[in-house]
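> Provided herewith is a single structure, encoded as structure tokens, for subsequent inquiry.
Values quoted throughout were computed directly from the atomic coordinates according to the rules given, and no laboratory measurement underlies them. As the structure is a computational prediction, the values presented were derived from the model and not from experiment. Here the Cβ positions follow ideal geometry from the backbone for every residue, glycine too, while neighbour counts run over all protein chains shown.
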Amino acid sequence: MNTNDTTAPEEQPVKSAARKAPRRPTKPDAVLAAAIETARAGLLEVVPESQIGEYIGAVPEADRLVTHRFQANRPGYRGWQWYATLARVPRGKVATVCEVGLLPSEGSVLAPEWVPWSERIRPEDVAAEAAQAAAEAAAAQATADAAAEEKPEEAGEAEQGTAPRTAATEDE
């Protein structure tokens with residue numbers, strides 16, 4: 001034991017067991033890059049052939065994992081691209097379709113960013129809502145006033161000792 005070492009074992013630096021993220025390859029896997037028809041066949045399982053446009057290219061995602069992109073001819077999706085991600089086992093020569101889907105590209109038409117309700121309210125919205133509430137309150141007050149005008153007459157007749165006129169009292 002070295003007596004010059006004064007650091008406790010728990011204070012010594014611990015080597016991290018975490019692994020580094022795998023680096024993205026610069027060139028696509030040759031077998032997967034050549035499997036354009038396999039990628040197109042994977043897309044044909046979910047969309048009609050008329051919606052799959054021209055081939056755009058292949059992008060390497062990881063070792064033995066490549067994504068092929070095709071132009072989307074889908075109505076309402078201008079600028080979007082179909083993709084099919086292919087993989088293969090080590091030393092394998094057969095490409096397998098992992099995933100297919102539709103992604104926006106740089107020129108795609110996208111929905112606007114979501115804005116919370118509290119930020120979407122404009123001053124004119126609040127003014128219109130206040131005007132509507134005032135109109136409803138005025139209508140309710142008018143109804144209450146009309147009902148109040150009818151009740152004092154009945155109350156006055158009851159105080160004088162006369163009953164309100166009905167069909168039965170008029171016949172007497």
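> Calculate the FRET efficiency for residue 34 and residue 103 from the Cβ-Cβ distance with a Förster distance of 25 Å, rounded to the nearest 0.05. Write out the running numbers ahead of the final one.
Values: r = 22 Å, r/R0 = 0.89.
Step by step, r from the Cβ atoms, then E = 0.65.
> On full extension of the chain, what length is gained from residue 114 through residue 126, given 0.36 nm per residue of separation minus the C-alpha to C-alpha distance?
Details: separation 12, 0.36 × 12 = 4.32 nm, distance 2.05 nm.
Between residue 114 and residue 126, full extension yields 2.3 nm more.
> Which cross-chain or sequence-distant (5 or more) residues have an amide H under 5 Å from the amide H of residue 52, H modelled 1.01 Å from N in plane?
73
> With Cβ to Cβ distances under 12 Å as the rule, what net charge do the other residues near residue 39 carry (K, R +1; D, E -1)?
-1
> Something else about it: Given a Förster distance of 25 Å, report the FRET efficiency between residue 89 and residue 54 from their Cβ-Cβ distance, rounded to the nearest 0.05.
On the way: r = 30 Å, r/R0 = 1.20.
Using R0 = 25 Å, I get an efficiency of 0.25.
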